[in-house]
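Structure record follows, encoded as structure tokens.
The values are calculated or read from the model by the stated rules, or taken from the named source; none is laboratory data. Everything numeric in this text was worked out from a predicted model, so none of it was measured. Virtual Cβ from ideal backbone geometry, glycine too; neighbours counted across all protein chains shown.
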Amino acid sequence: MTDLTINAELTEKILTGFIHTELNRVGFQRALLGVSGGIDSAVSLYLSAKALGPENVLAIRMPYKTSPDHTLEDAQLMIDDLGVQSMTVEITPMVDPLIDRFEDMTKIRAGNIMARMRMIVLFDQSVAFNGLVMGSSNKTEILLGYSTIYGDSAAALQPIGDLYKTQVRQLARHLGVPELVVSKAPSADLWEGQTDEGELGFSYADVDQLLHLLVDQRYRPEACVEEGFDRDFVARVVRRVRQNHFKRVMPPIAKLSERTIGYDFLYLRDWGT
């Protein structure tokens, strides 16, 4: 069993410094993010408030008609605890006309519409608030592609993107996130009764161990099986990571010139940065 314990105090210092530095690099002092009442957005919210000051952070709750009441209540608990600015934008009247337009609408499609509408709201308010959109995707979700492209995966910064889900939970407790948020079943709040682990078909605790071997330790799939992981489980996870790589990169550009964006033109080395 791999030890995924983090130095939470050092992690907080690095991530708050990252938020402050990256915003100032592009001339911003404020940030905003969607707050669902879940642990990932909670950690991003607490880090942002510590890095920028609560007066410079806007937390936006964006419920759908099937969202459980506790998601709003839990989000409000954290908003009150930190003293950040906040607003609530009901997305039901925005997404239902599109959902109702198609008789063959599925839960997955409807969930993607909700995720993208929430991001539309955030990027609209980023202009009004003059702040950058803070993401709340963790390393597990990013690797597995468990996100909606141009939905919850869209953000200006992803402060917790290099922390596995189990590590996010450790940092949450260190930051003082309410225990009821830390211990609740993770959910993207896309439909009633939806949970991350129920959709994925495995626990975060198990997949974090496997991903750490595959990604951080560079184990081959067969070596993970030798370490005791079920062969079918390893194959499913490897397949997900491969199939969802397109979500982790900018759209590929066909190369025609000497310096193509994303290939040869990667860094502003000689542009005063």
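With respect to L45, is the statement that it is part of a helix (DSSP H, G or I), closer than 30 Å to T21 by Cβ, over 20 Å from the mean Cα position of the chain (by Cα) and not acidic (D, E) true? If you could, list the steps in order and put the result at the bottom.
Values: part of a helix (DSSP H, G or I): yes; closer than 30 Å to T21 by Cβ: yes; over 20 Å from the mean Cα position of the chain (by Cα): no; not acidic (D, E): yes.
When the stated conditions are applied, L45 does not pass them.
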Given the condition modelled with pLDDT under 95, of a type in the set (D, E) and under 17 Å from the mean Cα position of the chain (by Cα), answer yes or no: does some residue in segment 148-163 qualify? yes
Please tell me if D104 is acidic (D, E) and in a helix (DSSP H, G or I). no
Tally up the residues in segment 220-271 that are assigned to a helix (DSSP H, G or I), without any contact (Cβ under 8 Å) to a residue 12 or more places away in the chain and small (G, A, S), please. 1
Of all residues being in contact with an Asp or Glu (Cβ under 8 Å, 6 or more places away or on another chain) and not aliphatic (A, V, I, L, M) in segment 41-64, which is surrounded by the most Cβ atoms within 10 Å (Cβ to Cβ)? Just the residue, please. Y64
Can you give me the number of residues within segment 94-111 that are within 15 Å of M62 (Cβ to Cβ) and either touching a Lys or Arg at 6+ places or on another chain (Cβ under 9 Å) or of a type in the set (V, I, T) (or both)? 2
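Quick one: in segment 111-143, of everything that is small (G, A, S) and part of a loop (DSSP other than H, G, I, E, B), which residue is surrounded by the fewest Cβ atoms within 10 Å (Cβ to Cβ)? It would help to see each step written out before you state the result.
First, pick out the residues of segment 111-143 that are small (G, A, S): 111, 115, 126, 128, 131, 135-137.
Retained after the next criterion (residues that are part of a loop (DSSP other than H, G, I, E, B)): 131, 135-137.
Numbers: G131: 24, G135: 25, S136: 25, S137: 21.
For segment 111-143, the residue satisfying everything is S137.
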What are the pairs, 6+ residues apart or on separate chains, where a residue within segment 15-35 that is within 24 Å of A75 (Cβ to Cβ) has its Cβ under 7 Å from a residue that is in a helix (DSSP H, G or I) and at pLDDT below 95? none
Options Y146, Y150; residue that is among the aromatic types (F, W, Y), outside any helix (DSSP H, G or I) and surrounded by fewer than 16 Cβ atoms within 10 Å (Cβ to Cβ): Y150
Check segment 98-113 and report whether any residue there is of a type outside the set (D, E), within 14 Å of the chain's Cα centre (by Cα) and under 29 Å from A205 (Cβ atoms). no
